[in-house]
Amino acid sequence: MATIVSVINQKGGVAKTTTSLNVASSWAKQGKRILLIDLDPQSSATKAVFGDQEFEKTIYDVIVNQAQIDDVIQKSETFGFDMIPAEIMLSGVDMQLAAHFGREQILKRKLEPIAHRYDSILIDCSPSLGLMTINALMASKDIIIPICPEYFSLKGIELILNTLQNIRVGLGYKVGVRGVIITRFRDRRIVKDVIHQVREKYDLHVYSNYIPDNIAVEEAHHCHKPVHTHAPRSPAAQAYMSLASELWI
Ligand SMILES: Nc1ncnc2c1ncn2[C@@H]1O[C@H](COP(=O)(O)OP(=O)(O)OP(=O)(O)O)[C@@H](O)[C@H]1O
Ligand SMILES: [Mg+2]
């Protein structure tokens, strides 16, 4: 049965999508059966994998229009995983489902019949705390939090921990925090301070494989490839492959 994990940070641009894509595809290369779900209306993960390809149905149709989940799963040979694409229509879901009973657990229910087919299901969340992010959390056993260490990183972590607390109190579900991933790492004093605080103040696990700031990541995005295929010897490719092993528990 798949473990469902959300990649989340309400702070934008901290490499949630980059981490989802490259961890998922590193796991796939390591022989795991992986499903990646794009749950962001910006659809960055969908575009990174499939370019401008249009899909008749996306996760939006599963959530709002009762589409069958099997009809929206796409295979990516290049990345080695199955993926459910997103689309911009997802941005209107909060309003559309405002009066829907049990709206926080739609995704959880839809994933139940397919979860046995995968070793892990990874969800790439949007930076906003909307209904889709709540659905991701309610479907997940755990979260992983990418941070790009700088002065405001701790604010992002505080917001997430608050959200988890609200879900525990309001919806009676406890989501676990697996740990924090350091992305776009550069060896600077502030970075070390932030990492120290994440450990000491919030008592969170920080993964030991930091992902370096590396141009190969951007290049791989443009070529619609995982970084380990695009530039296998690059520091980012090696870091993501090691991180994928470290994350697999
Ligand atoms: N290790 C890295 N080295 C260089 N560039 C990176 C690295 N990781 C991510 N980037 C770049 O940083 C930008 C933001 O990354 P990404 O889209 O993954 O962040 P995000 O958290 O998903 O953003 P959003 O909050 O908008 O969903 C992208 O242009 C990406 O290519
Ligand atoms: Mg993203």
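The values are calculated or read from the model by the stated rules, or taken from the named source; none is laboratory data. Here the structure is a predicted model, which means the values were calculated and not measured. All Cβ positions, even for glycine, are placed from backbone atoms using ideal geometry, and neighbour counts span all protein chains on display.
Figures for the structure shown
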item	result
Residue under evaluation residue 19, criteria (1) more than 13 Å from ligand 1 (Cβ to nearest atom); (2) out of contact with any His (no Cβ under 8 Å at 6 or more places or on another chain), criterion not met	(1)
Residue list for the range 180-192, restricted to those being in contact (Cβ under 8 Å) with a residue 12 or more places away in the chain and either surrounded by fewer than 18 Cβ atoms within 10 Å (Cβ to Cβ) or assigned to a loop (DSSP other than H, G, I, E, B) (or both)	183, 184, 186, 190
Filtered residues of the range 97-127 (kept if buried (at least 18 other Cβ atoms within 10 Å of the Cβ) and among the aliphatic types (A, V, I, L, M))	97, 106, 107, 111, 121, 122, 123
The one condition in (1) surrounded by 18 or more Cβ atoms within 10 Å (Cβ to Cβ); (2) within 12 Å of ligand 1 (Cβ to nearest atom) that residue 213 fails to fulfil	(1)
Verdict on residue 243 being away from ligand 2 (no atom under 16 Å from the Cβ) and farther than 25 Å from residue 3 by Cα	no
Verdict on residue 21 being in contact with an Asp or Glu (Cβ under 9 Å, 6 or more places away or on another chain), within 12 Å of ligand 2 (Cβ to nearest atom) and at pLDDT 95 or above	yes
Unique match (being among the hydrophobic types (A, V, I, L, M, F, W, C) and more than 14 Å from ligand 1 (Cβ to nearest atom)) among 129, 161	161
Of residues in the range 24-44 being away from ligand 1 (no atom under 16 Å from the Cβ) and assigned to a loop (DSSP other than H, G, I, E, B), the one surrounded by the most Cβ atoms within 10 Å (Cβ to Cβ)	32
Filtered residues of the range 176-192 (kept if within 16 Å of ligand 1 (Cβ to nearest atom) and farther than 17 Å from residue 127 by Cβ)	182, 185, 186, 187, 188, 191
Meets criteria (part of a loop (DSSP other than H, G, I, E, B), closer than 30 Å to residue 79 by Cα and either modelled with pLDDT of 95 or more or within 12 Å of ligand 1 (Cβ to nearest atom) (or both)) for residue 173	no
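Condition check ((1) within 16 Å of ligand 2 (Cβ to nearest atom); (2) among the small types (Gly, Ala, Ser); (3) under 21 Å from residue 16 (Cβ atoms)) across all residues:
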site: 156; (1), (2), (3): yes, yes, yes
site: 169; (1), (2), (3): no, no, no
site: 182; (1), (2), (3): no, no, yes
site: 185; (1), (2), (3): no, no, yes
site: 192; (1), (2), (3): no, no, no
site: 201; (1), (2), (3): no, no, no
site: 215; (1), (2), (3): no, no, yes
